[in-house]
Amino acid sequence: MSGAIARFPEAVFLRRPDDTGYGFFYHGEEDFRAAGESFTRPILRSFDGDPVPGQPEPADHLKTAIATFLGQAFDKAVPGEVGAEGISRAAAACVRDVFSGPVPRVVVVERKDGRLNVRPGIEFMRHPGHPLAVVVDADAHGGEALFFNSVEDFRTAGESPPSSRCWLPQIVYRLYRQTPSVMVGRPVVNQGTGTHSVMFRAMNFGLNAPLEERTPA
């Protein structure tokens with residue numbers, strides 16, 4: 001589909017107030033469903049059998065589990081062994097809980113006043129010509145992300161010295177004059193030579209969004 005609504009979200013972004021977070025990508029409706037169910041199934045299974053007096057309803061318990069897990073992601077308190085892949089499963093469960101039918105192709109999960117806010121990521125469908133998000137694609141469904149509110153914000157990051165937490169925007173800025181709104185990069189090591197490189201992909205969500213390399217000086 002080329003519109004803003006689809007049968008599954010191509011991207012779900014968890015965005016913190018400091019413009020860090022995660023970008024998650026699902027490769028089809030079945031992949032999205034499986035990711036969500038891998039989080040919800042063990043929780044709902046605990047309610048099998050006769051109801052226990054005083055226990056919450058399964059749906060309410062699931063909402064609490066999703067909010068708690070994603071809250072840890074917002075607080076940067078998720079155990080390292082869980083990783084981006086584990087968070088992506090909770091994000092899928094969250095989106096499936098909020099949207100019972102068709103879903104936006106891009107979804108943003110934010111936290112406001114201590115509560116999760118799940119909304120369509122319309123801004124990522126507009127493609128202003130520079131990245132609004134740069135994601136390090138470390139796991140099967142995505143990885144850590146940095147977000148930019150303007151071309152000036154992206155330029156500032158791109159021209160700054162790289163660090164262990166911020167190195168991909170500098171590479172994207174150096175290589176590309178124009179990009180879609182989401183750029184994904186993954187470190188690659190040549191096992192034969194030991195040399196390091198970065199593999200890129202751009203996400204345009206079915207819309208016209210040129211990816212243009214910079215002309216060498």
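The values are calculated or read from the model by the stated rules, or taken from the named source; none is laboratory data. All values derive from a computational prediction rather than experimental measurement. All Cβ positions, glycine included, derive from the backbone under ideal geometry; neighbour counts span all protein chains shown.
Each residue in the range 123-154 was checked for being in contact with a Leu (Cβ under 9 Å, 6 or more places away or on another chain), closer than 21 Å to M199 by Cβ and part of a strand (DSSP E or B), and 6 pass.
Number of residues in the range 93-122 that are touching a strand residue (DSSP E or B) at 6+ places or on another chain (Cβ under 7 Å) and assigned to a helix (DSSP H, G or I): the value is 3.
A search for C-beta distances below 9 Å between a residue of the range 67-87 that is surrounded by fewer than 10 Cβ atoms within 10 Å (Cβ to Cβ) and any residue that is part of a helix (DSSP H, G or I), counting only pairs 6+ apart in sequence or on different chains, returns A77/G71; P79/Q72; P79/G86. Counting only residues that are of a type in the set (S, T, Y) and surrounded by fewer than 18 Cβ atoms within 10 Å (Cβ to Cβ), which one in the range 1-33 is modelled with the lowest pLDDT? Taking the candidates together, the pick is S2. From the list G129, G101, the one residue that fits, being over 14 Å from V12 (Cα atoms) and at pLDDT below 95, is G101. Taken together, the criteria exclude R165 from residues that are in contact (Cβ under 8 Å) with a residue 24 or more places away in the chain, surrounded by fewer than 21 Cβ atoms within 10 Å (Cβ to Cβ) and not in a helix (DSSP H, G or I).
Could you tell me which residue of the range 118-134 is farthest from P180 (Cα to Cα), considering only residues that are of a type in the set (A, V, I, L, M, F, W, C) and out of contact with any Asp or Glu (no Cβ under 7 Å at 6 or more places or on another chain)? Looking at the filtered set, the residue picked out is V118.
The strands (runs of 3 or more DSSP E) falling completely within the range 175-215 that include 3 or more residues that are modelled with pLDDT of 95 or more and under 20 Å from A138 (Cβ atoms) map to 182-189. Can you confirm whether E159 is at pLDDT 95 or above, among the charged types (D, E, K, R), surrounded by fewer than 18 Cβ atoms within 10 Å (Cβ to Cβ) and closer than 21 Å to V12 by Cβ? No, not satisfied.
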